[in-house]
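The values are calculated or read from the model by the stated rules, or taken from the named source; none is laboratory data. The model shown is predicted, which means the values in this text are computed figures rather than measured ones. Ideal geometry is used to build each Cβ from the backbone, glycine not excepted, and the neighbour counts take in all protein chains shown. SASA here: full protein model, heavy atoms, side chains in, ligands and nucleic acids out. Shrake-Rupley method; radii C 1.70, N 1.55, O 1.52, S 1.80 Å.
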Amino acid sequence: MSELRALYQEIILEHNKKPRNFRKLDDASRTLEGYNPLCGDHYTLYLKIENDVVVDISFEGAGCAISKASASVMTTMLKGRTKEEAQRMFETFHKLVTGELTDISFETLGKLAAFAGVSEFPARVKCASLAWHTMRNALDAKSEPVSTE
Amino acid sequence: MHTYQDILTSKKSGSGFDPDLIRETFPILKATVHGKKLVYLDNAATTQKPESVIKALDDYYRHLNSNIHRGVHALSEKATEAYEGVRDKARQFINAASNKEIIFLRGTTEGINLVAGSFGRSNVGQGDEVLITGLEHHSNIVPWQMLCNHTGSVLKVAPIDDKGEVILSEFERLIGPKTRIVAIAHVSNALGTVNPVKRMVAIAHAHGIPVLLDGAQAVPHFRIDVRDLDCDFYAFSAHKMYGPTGIGILYGKQSILEAMPPYQGGGDMIRSVTFEKTIFNDLPHKFEAGTPNIADTIGFGAAFDFLNGLDWNAVSHYEHELLTYASEVIGAIPGVRIVGTASDKAGVVSFVMDDVHPHDIGTILDREGIAVRTGHHCAQPVMQRFGIPATVRASFALYNTKEEIDELVRGIYAVKKVFH
Ligand SMILES: Cc1ncc(COP(=O)(O)O)c(C=O)c1O
C-alpha cells in the first residue's frame with residue numbers, strides 16, 4: 001500500500017478532482033491533442049505564446065488521475081516560462097518519472113516531486129508524461145496529435 | 001498434488017465439480033504478485049494452462065519433435081499422427097462433419113482474416129455489403145473494413161441496445177439483397193453478452209447469406225455444436241480455452257471451403273508445382289501453408305482432453321453461479337456501475353466507477369494481487385456506444401472462486417479508500 005500512497009499523493013488526487021486551467025483557451029496560438037490509445041486518455045492542450053514566452057496555457061479532456069493531475073500541475077508551472085525553461089522542465093519531469101533523476105535535488109522540483117512515485121509503476125509512465133509530450137510538440141509547432149504508444 | 005482422476009471422480013458438494021481440485025492442476029494459480037496471492041480475473045484475455053497442457057508441450061519437444069507430412073522416418077510419422085489426432089479431437093469437440101472442415105491457424109484473428117481474404121475477395125464486390133454487429137472485437141471489424149476498402153463494398157453494423165444486446169429487428173432489417181456475409185461474435189469479450197447466434201444464423205440463412213461466428217469467448221464456457229448452430233464458419237483460439245497461444249481453429253463447411261481459393265501459398269498446401277502451374281492440395285491442407293505450429297497444436301490436444309474430462313453440466317452451473325454472484329456483489333458497491341447487462345451473459349463483468357478512471361482502478365487492484373483488464377478491450381466501438389473511454393473487466397474461468405470475487409470487492413473498496 002505504501003507504493004500506492006507514493007503514487008496517489010494528495011496533490012495528485014486533489015489536482016485530479018479539481019484540475020487547474022481546465023478550459024478552452026479561445027485565443028490560443030497553439031492547440032494540440034494528446035492521447036494514449038491503450039487506456040483512452042485524451043486531452044487537448046492550448047498554449048498562448050508571445051515572444052517565446054508561455055503567457056497562457058490550459059487543457060481539456062478526460063483520462064486517469066495520473067494523466068489529468070500531471071496535465072493540471074504542468075499548466076500551473078509553465079505559465080510565464082520561456083520555451084527554453086519549459087523544455088528543461090520537460091526533461092527534468094521525464095527523468096523523474098522514469099527513475100533517472102540523479103543530478104537534481106528534490107527541493108528544486110517543487111510540485112513536480114509529487115510524481116516521483118510514478119517511476120515505481122512503469123505501466124503508468126505514459127500516463128504521467130502524456131501532457132508533457134503534447135506540450136513539447138506544441139512548442140515545436142508540430143500539428144500531428146501526440147500518441148504515447 | 002491430486003491426480004486428474006481425483007478430479008473426475010470428485011463429487012464434492014454433489015455438484016460433480018470441485019474448483020479447489022481443479023485449481024491444483026493449474027500451477028500458476030499458486031503464484032504471488034506484489035507479495036499477495038494471485039487472483040487471476042483476466043481470463044477473457046487468456047486463460048491459464050493446466051499441468052497436462054504444459055506437459056504435452058514439453059513432451060513433444062523432448063520425444064516427438066520433427067516436421068510433419070513430409071518424412072518417412074519414425075518421428076515424423078509419429079508427429080504427423082499426433083498432429084492429425086488433434087484435428088480429430090477438434091472435430092469431435094465442435095461436432096463438425098469432417099476433419100476436412102478443421103483448419104489449424106494462429107487463432108481467431110487469423111481465422112477471420114482467412115475468411116475475409118479468401119471467401120471475401122471472391123464473393124464480395126463493389127457495392128456489396130458485409131454485416132457485423134455493434135459489439136464486435138476489433139478482429140471481427142478490421143479484416144472486414146480492409147475487405148471493404150479493397151473491393152468497394154460497404155460495412156453495415158447492427159446496433160446494440162443499452163443492455164448490450166444486439167437489436168434483432170435491426171439486424172434482420174440490415175440483411176438485404178446486397179449482403180454477402182454476416183460476421184457475429186458468439187460471446188462479446190467486452191460485455192459478456194451471449195448473442196442468440198442460432199437464431200441469427202437462421203435469419204441470415206433465410207436470406208441465403210452465410211454466417212461466420214467469432215467463438216473466441218464462447219469455447220471456454222460452453223459446448224459448441226457447429227452443425228446444430230448451422231453456422232458456415234466458426235473461429236476460435238486455443239489460448240482462451242486453457243490451451244497454448246499461437247494456435248486456433250477455423251471451422252468451415254466443406255462445400256464452402258472447397259470453393260474458396262487458398263489464403264497463403266507455400267509448402268504443404270500443394271499437390272504438385274511446376275513453374276507453369278500449381279495444383280492445390282485437398283482440404284484442409286489447402287489452407288495450411290508452411291510448417292504449422294506443431295507443438296502448440298499438440299498442446300491444444302491436451303486442452304481438449306482437459307475439457308472433455310469435465311462434467312459440463314456441473315461446470316456450466318458453477319460458472320453461472322460465479323457470474324451471478326460477481327454481478328450481484330460488484331453491482332452492489334456504491335458508485336459502481338456494471339456495463340453490459342444482457343439477459344444472457346458469460347464470463348464477464350465490465351464496470352466503471354464514479355470519479356475513478358479504470359486505469360487507476362487497475363493499478364490499485366494489481367497491487368492487491370488482482371489481475372483484471374482495464375481499457376477498451378479491443379472493442380472501441382462498444383466503448384463509444386456507452387459513451388465511456390474504458391471499463392474495468394473481471395472475467396472468469398472455471399478455476400475462479402467466490403472467495404476471489406470477494407477479494408475483488410475488497411480491492412474495489414481499497415480503490416475507494418485511495419480516492420476517498
Ligand atoms: C471476441 C473475440 N474475438 C476475437 C479475439 C481475437 O483472438 P486472438 O487474439 O486469439 O486471435 C478475441 C480475443 O481477444 C476475442 O475476445
Quiz item: If only one of B:H137, B:H150 is within 25 Å of B:Q380 (Cα to Cα), over 23 Å from the mean Cα position of the chain (by Cα) and open to solvent by 20 Å² or more (accessible area, probe 1.4 Å), which one is it?
Solution: B:H150
Quiz prompt | Failed criterion for A:A141 (all others in (1) closer than 24 Å to A:K18 by Cα; (2) part of a loop (DSSP other than H, G, I, E, B) hold) | solution = (1)
Quiz item: Taking region B:59-86, which residues are within 18 Å of B:M269 (Cα to Cα) and in a loop (DSSP other than H, G, I, E, B)?
Solution: B:N67, B:I68, B:H69, B:R70, B:G71
Exercise. Sort through B:E101, B:E129 and tell me the only one that's within 20 Å of B:G252 (Cβ to Cβ) and in contact (Cβ under 8 Å) with a residue 24 or more places away in the chain.
Key: B:E101
Quiz item: Taking region B:30-41 on its own, how many of its residues are surrounded by fewer than 18 Cβ atoms within 10 Å (Cβ to Cβ), on the phi < 0 side of the Ramachandran plot and in contact (Cβ under 8 Å) with a residue 40 or more places away in the chain?
Solution: 5
Exercise. Restrict the check to region B:174-195 and report whether at least one residue is within 16 Å of the ligand (Cβ to nearest atom) and surrounded by fewer than 24 Cβ atoms within 10 Å (Cβ to Cβ).
Key: yes
Practice problem: Scan (1) in a strand (DSSP E or B); (2) under 20 Å from A:D41 (Cβ atoms); (3) away from chain A (no Cβ under 12 Å) for the single condition B:V349 breaks and write down its number. | Solution: (2)
Quiz item: Quick one: which of B:H150, B:H137 is at negative phi and more than 16 Å from the ligand (Cβ to nearest atom)?
Solution: B:H150
Practice problem: Output the residue which, of all residues in region B:197-208 that are out of contact with any Phe, Trp or Tyr (no Cβ under 9 Å at 6 or more places or on another chain) and more than 18 Å from B:V124 (Cβ to Cβ), is most open to solvent (accessible area, probe 1.4 Å). | Solution: B:R199
Practice problem: Just name the residue that is farthest from B:E136 (Cα to Cα) out of those in region B:153-166 that are assigned to a loop (DSSP other than H, G, I, E, B) and open to solvent by less than 30 Å² (accessible area, probe 1.4 Å). | Solution: B:S153
Quiz item: Do we have any residue at all in region B:209-218 that's in a helix (DSSP H, G or I), touching a strand residue (DSSP E or B) at 6+ places or on another chain (Cβ under 7 Å), under 27 Å from B:F351 (Cα atoms) and open to solvent by less than 30 Å² (accessible area, probe 1.4 Å)?
Solution: no
Quiz item: Of the residues that make up region B:220-231, is at least one assigned to a loop (DSSP other than H, G, I, E, B), closer than 15 Å to B:I181 by Cβ and open to solvent by less than 20 Å² (accessible area, probe 1.4 Å)?
Solution: yes
Practice problem: Confirm whether B:E81 is charged (D, E, K, R), more than 16 Å from the ligand (Cβ to nearest atom), open to solvent by less than 20 Å² (accessible area, probe 1.4 Å) and assigned by TED's automatic domain parsing to the domain that holds B:F171. | Solution: no
Practice problem: Would you tally the residues in region A:9-44 being assigned to a loop (DSSP other than H, G, I, E, B), under 16 Å from A:A69 (Cβ atoms) and at pLDDT below 95? | Solution: 2
Practice problem: Look at region A:54-101 and say how many of its residues are of a type in the set (S, T, N, Q) and over 12 Å from A:F115 (Cα atoms). | Solution: 6
Quiz item: without any contact (Cβ under 8 Å) to a residue 24 or more places away in the chain, within 11 Å of chain A (Cβ to nearest Cβ) and not acidic (D, E): does that describe B:Q380?
Solution: no
Quiz prompt | Residue in region B:88-110 that is among the polar types (S, T, N, Q), within 16 Å of the ligand (Cβ to nearest atom), in a helix (DSSP H, G or I) and within 17 Å of B:N195 (Cβ to Cβ) present | solution = yes
Self-check item: Lone qualifier among B:S52, B:S66 - being over 26 Å from the mean Cα position of the chain (by Cα), more than 16 Å from the ligand (Cβ to nearest atom), of a type outside the set (A, V, I, L, M) and away from every other protein chain (no Cβ under 14 Å)
Solution: B:S66
Practice problem: For region B:383-415, name all the residues that are within 12 Å of another protein chain (Cβ to nearest Cβ) and open to solvent by 50 Å² or more (accessible area, probe 1.4 Å). | Solution: B:Q384, B:G387, B:P389
Quiz prompt | Within region A:78-137, considering residues that are part of a loop (DSSP other than H, G, I, E, B) and acidic (D, E), the one modelled with the lowest pLDDT | solution = A:D103
Quiz prompt | Qualifying residue in region B:117-129 (condition: part of a strand (DSSP E or B) and either more than 16 Å from the ligand (Cβ to nearest atom) or of a type in the set (A, V, I, L, M) (or both)) | solution = yes
Quiz item: Name the residues in region B:352-369 that are among the charged types (D, E, K, R) and either under 15 Å from B:I330 (Cα atoms) or not in a helix (DSSP H, G or I) (or both), would you?
Solution: B:D354, B:D355, B:E368
Self-check item: Those residues of region B:43-53 which are touching a residue at least 60 places away in the same chain (Cβ under 8 Å) and in a helix (DSSP H, G or I), in sequence order
Solution: B:S52, B:V53
